[in-house]
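Peer 1: One structure coming up, written as structure tokens, with questions to follow.
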Amino acid sequence: MSSWTDSLVGFISGIAWLPDMSAGTIMVIVAVLLGLPVFTFMAVNALVAVYFERKVSAFMQDRLGPMEVGIFGFKGGKKFWGGIGQTLADAIKLLVKEDTIPKDADRPLFILGPFIIFGAAFTAFIGLPIGYGLVISDFNIGVFFISAVSSVGVIGVILAGWASNNKWSLYGAMRSAAQIISYELPLGMSLLLVVMVVGSLQFSEIVLWQEQHRWFIIHSPFTVIAFFIFMISGVAEVNRTPFDLPEAESELVAGFMTEYSGFRWALFFLSEYANMVIISLMTAIVFLGGWLSPVAGLLDMAGVPAGWYYLSGPLWGIFWIFIKVATLIFIMMWFRWTFPRMRPDQLMYTAWKVFIPFALVNIFLVGIWELIFA
Amino acid sequence: MAALGFNLIAAMVIFTAFWVVTTSKLIHAAVALMGTLFGVAGLYVYLYADFLAATQVIIYVGGILVLIIFGVMLTHRVSGIDTLQTNMPNRPAAAVVVFLLFMGLTALLFRTPWHMADAAPVVSTVEIIGAALLTRYLLHFEVASVLLLVALLGAAYLARREDG
């Protein structure tokens, strides 16, 4: 399957009026050309997601701010435009705020911490497709690559917490590391289930399998369990409520981010919202059929012949995958504004005594299921 | 291009490895080790071992290095980040051993007839590794898993011992 990297390399080397360039130079140009949109996407995503989050919180908890601060006089009134002002003010504040580094902090590590977290989130986008062939590089170890890259981010969290030389930061970092490492296991095991059934680690293969058979969320009872384990562990991986112990404001100020301000803090922020997108994209691709049209699936099951009303195709694919991702992100926000925070012992109990045993038995049972029914 | 990339990665591995052993702050050594481990993963990519490279990152960077940093953080006071070196008297002996080791490795490097692969690189290594692990190397695989299980039980026993 082709990827953006392959097509761009082919396109640039094919332009006649350009001077001859070595393969290395072309690779650098392609990397920049593909990296900039990813960066822009992460920044815009954070802005939009923050606005969305404020609105969700305002509707769910009767918060006044996101209904009042904004541009009025447009169609939609307070319900839609309220809160826009907060987003704009937020962005300007983050960019111009004074950047402070504590005197007793470990300077190099303090600076390095947010970049490791950001780098991990950024790199993960390389392997995530948003449509058939619409991917920066379609690794044949795709699922494994994402797991490997996202396991690096935790080091940034620990370093940020340690280098701040602050008790709250350190406690936040410890909690975060324990949480991320624990929840990586059920996350990986529920992915393993799907990999076992498909027989490939490649995202495009996984979607292709779902196109030929059925989506994994309805494939068998065990994949349904895997979907829920994956989704909940995913929320824990991105440190969001009800699993936001690392930054529990009521006890730890802001956890590992306590000492950060300005643009460095904005990097944490960008990465958190980017990680939400990564988890949602992975859930959508692996369990919800990726860029496949749900309409087509239903009509096909009902025996209706293919036609325009199937709403499937390359452009529809992008539409569907973003609808799925937006729904999953909304569910994560819904969690955040309706559930209370868990205690650390409850958090560990959920991971080690509920999710991991269930995921392990799940792997065994799905093997038997496939032997009987496949 | 390939040669330049390889040289860059090799230089990163060597430089960060030097940093690991020369820095006086333990936590800096751990961070430098991250560079070394990443570099080694990069070298695996050059050998067309993509699965191995990802495994290297997930096990060493995401697992073992986090454990090392945890260990440094838990055994150290939060205020002091410098360590005291206590093994100074061993230096002459160490110098001799290191010199001999260096000579031995250099001799080995120049005397080995390096084998250049002439077969085309395989596209997907995952299936080959999986099949090899569960057929030819099944015994090794099982022994390693039993060893890990024993280590796990031992750790749980040590951590949960109630009479201290």
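The values are calculated or read from the model by the stated rules, or taken from the named source; none is laboratory data. If you're wondering where the values come from, they're calculated on a predicted model, not measured in any experiment. Cβ placement follows ideal geometry from the backbone for every residue including glycine, while neighbour counts extend to all protein chains displayed. For the accessible areas, the whole protein counts, side chains as well, though only heavy atoms, and no ligand, DNA or RNA atoms are used. Shrake-Rupley method; radii C 1.70, N 1.55, O 1.52, S 1.80 Å.
Peer 1: Which of the residues spanning segment B:94-137 are outside any helix (DSSP H, G or I) and in contact (Cβ under 8 Å) with a residue 12 or more places away in the chain? Steps first, please.
Peer 2: Step one: of segment B:94-137, the residues outside any helix (DSSP H, G or I) are B:112-125, B:135-137.
If the condition is that a residue be outside any helix (DSSP H, G or I) and in contact (Cβ under 8 Å) with a residue 12 or more places away in the chain, then B:121, B:122, B:125 are the ones that fit.
Peer 1: Also, I was wondering about something else. Yes or no: residue A:196 in a helix (DSSP H, G or I) and touching a Pro at 6+ places or on another chain (Cβ under 9 Å)? Explain how you work it out, then say what you get.
Peer 2: Numbers: in a helix (DSSP H, G or I): yes; touching a Pro at 6+ places or on another chain (Cβ under 9 Å): no.
So residue A:196 does not fit the description; no.
Peer 1: If you scan segment A:351-374, which residues turn out to be part of a helix (DSSP H, G or I) and more than 30 Å from residue A:180 (Cα to Cα)?
Peer 2: Filtering segment A:351-374 for residues part of a helix (DSSP H, G or I) gives A:351-373.
A:368, A:369, A:370, A:371, A:372, A:373 - these are the residues of segment A:351-374 that are part of a helix (DSSP H, G or I) and more than 30 Å from residue A:180 (Cα to Cα).
Peer 1: Exactly one of these conditions fails for residue B:59: (1) in the same structural domain as residue B:3 (by TED's automatic domain parsing); (2) open to solvent by 70 Å² or more (accessible area, probe 1.4 Å); (3) modelled with pLDDT under 85. Give me its number.
Peer 2: With (1) in the same structural domain as residue B:3 (by TED's automatic domain parsing); (2) open to solvent by 70 Å² or more (accessible area, probe 1.4 Å); (3) modelled with pLDDT under 85 applied to residue B:59, the lone miss is (3).
Peer 1: Does residue A:224 meet the test of being in contact with a helix residue (DSSP H, G or I) (Cβ under 8 Å, 6 or more places away or on another chain), without any contact (Cβ under 8 Å) to a residue 12 or more places away in the chain and part of a helix (DSSP H, G or I)?
Peer 2: Numbers: in contact with a helix residue (DSSP H, G or I) (Cβ under 8 Å, 6 or more places away or on another chain): yes; without any contact (Cβ under 8 Å) to a residue 12 or more places away in the chain: yes; part of a helix (DSSP H, G or I): yes.
Criteria met by residue A:224.
Peer 1: Restricting segment A:33-69 to residues that are open to solvent by 80 Å² or more (accessible area, probe 1.4 Å) and more than 23 Å from residue A:281 (Cα to Cα), which is modelled with the lowest pLDDT?
Peer 2: So the residue we want is A:68.
Peer 1: Considering only residues that are away from chain A (no Cβ under 11 Å) and touching a helix residue (DSSP H, G or I) at 6+ places or on another chain (Cβ under 9 Å), which ones fall in segment B:46-59?
Peer 2: We begin by selecting, within segment B:46-59, every residue away from chain A (no Cβ under 11 Å); these are B:46-48.
B:46, B:47 - these are the residues of segment B:46-59 that are away from chain A (no Cβ under 11 Å) and touching a helix residue (DSSP H, G or I) at 6+ places or on another chain (Cβ under 9 Å).
Peer 1: Where residues in segment A:133-147 are assigned to a loop (DSSP other than H, G, I, E, B) and over 14 Å from residue B:53 (Cβ atoms), which of them is nearest to the other protein chains (Cβ to nearest Cβ)?
Peer 2: Start the filter on segment A:133-147 by keeping residues that are assigned to a loop (DSSP other than H, G, I, E, B), which leaves A:133, A:135-141.
If we keep only those that are over 14 Å from residue B:53 (Cβ atoms) too, we end up with A:133, A:135-136, A:138.
Details: A:133: 17, A:135: 16, A:136: 15, A:138: 12 Å.
Here the answer is A:138.
Peer 1: Oh, and also: Anything in segment B:1-56 that is in contact with a Phe, Trp or Tyr (Cβ under 7 Å, 6 or more places away or on another chain) and within 19 Å of residue A:106 (Cβ to Cβ)? List them, or say none.
Peer 2: Listed by number, the residues that qualify are B:27, B:32.
Peer 1: Can you find a residue that is hydrophobic (A, V, I, L, M, F, W, C) and over 25 Å from the mean Cα position of the chain (by Cα) anywhere in segment B:96-115? Explain how you work it out, then say what you get.
Peer 2: Quick first cut of segment B:96-115, residues hydrophobic (A, V, I, L, M, F, W, C) only: B:96-103, B:105, B:107-110, B:114.
With the extra rule that they be over 25 Å from the mean Cα position of the chain (by Cα), the set shrinks to none.
Looking for residues that are hydrophobic (A, V, I, L, M, F, W, C) and over 25 Å from the mean Cα position of the chain (by Cα), one finds none in segment B:96-115, hence no.
Peer 1: Restricting the search to segment B:1-54, which residues are open to solvent by 40 Å² or more (accessible area, probe 1.4 Å), part of a helix (DSSP H, G or I) and hydroxyl-bearing (Ser, Thr, Tyr)?
Peer 2: Selection gives B:22, B:44, B:46.
Peer 1: Whether any residue in segment A:312-325 is hydroxyl-bearing (Ser, Thr, Tyr), within 18 Å of residue A:211 (Cα to Cα), without any contact (Cβ under 8 Å) to a residue 24 or more places away in the chain and open to solvent by less than 50 Å² (accessible area, probe 1.4 Å) is what I want to check. So that I can check it myself, show each step before the final result.
Peer 2: First, pick out the residues of segment A:312-325 that are hydroxyl-bearing (Ser, Thr, Tyr): A:312.
The next check asks that each one be within 18 Å of residue A:211 (Cα to Cα); those that pass are A:312.
Narrowing the set further to residues that are without any contact (Cβ under 8 Å) to a residue 24 or more places away in the chain leaves A:312.
Narrowing the set further to residues that are open to solvent by less than 50 Å² (accessible area, probe 1.4 Å) leaves none.
Within segment A:312-325, not a single residue is hydroxyl-bearing (Ser, Thr, Tyr), within 18 Å of residue A:211 (Cα to Cα), without any contact (Cβ under 8 Å) to a residue 24 or more places away in the chain and open to solvent by less than 50 Å² (accessible area, probe 1.4 Å).
Peer 1: Right, here's the next one. Among the residues of segment A:148-160, write down those that are within 18 Å of residue A:278 (Cα to Cα), outside any loop (DSSP other than H, G, I, E, B) and free of Cβ contacts under 8 Å to residues at least 40 places away in the same chain.
Peer 2: A:148, A:149, A:154 - these are the residues of segment A:148-160 that are within 18 Å of residue A:278 (Cα to Cα), outside any loop (DSSP other than H, G, I, E, B) and free of Cβ contacts under 8 Å to residues at least 40 places away in the same chain.
Peer 1: May I ask you to say which residue of A:130, A:111 is more than 10 Å from chain B (Cβ to nearest Cβ) and farther than 24 Å from residue A:245 by Cα? Break it down stepwise before answering.
Peer 2: Values: A:111 fails: farther than 24 Å from residue A:245 by Cα.
The unique qualifying residue is A:130.
Peer 1: For segment A:161-168, state whether one or more residues are more than 9 Å from chain B (Cβ to nearest Cβ), in a helix (DSSP H, G or I), at pLDDT below 85 and surrounded by fewer than 24 Cβ atoms within 10 Å (Cβ to Cβ).
Peer 2: Within segment A:161-168, one or more residues are more than 9 Å from chain B (Cβ to nearest Cβ), in a helix (DSSP H, G or I), at pLDDT below 85 and surrounded by fewer than 24 Cβ atoms within 10 Å (Cβ to Cβ).
Peer 1: While we're on this one: Go through (1) within 19 Å of the chain's Cα centre (by Cα); (2) modelled with pLDDT of 80 or more; (3) surrounded by 18 or more Cβ atoms within 10 Å (Cβ to Cβ) one by one and return the number of the condition residue A:138 breaks.
Peer 2: (2)
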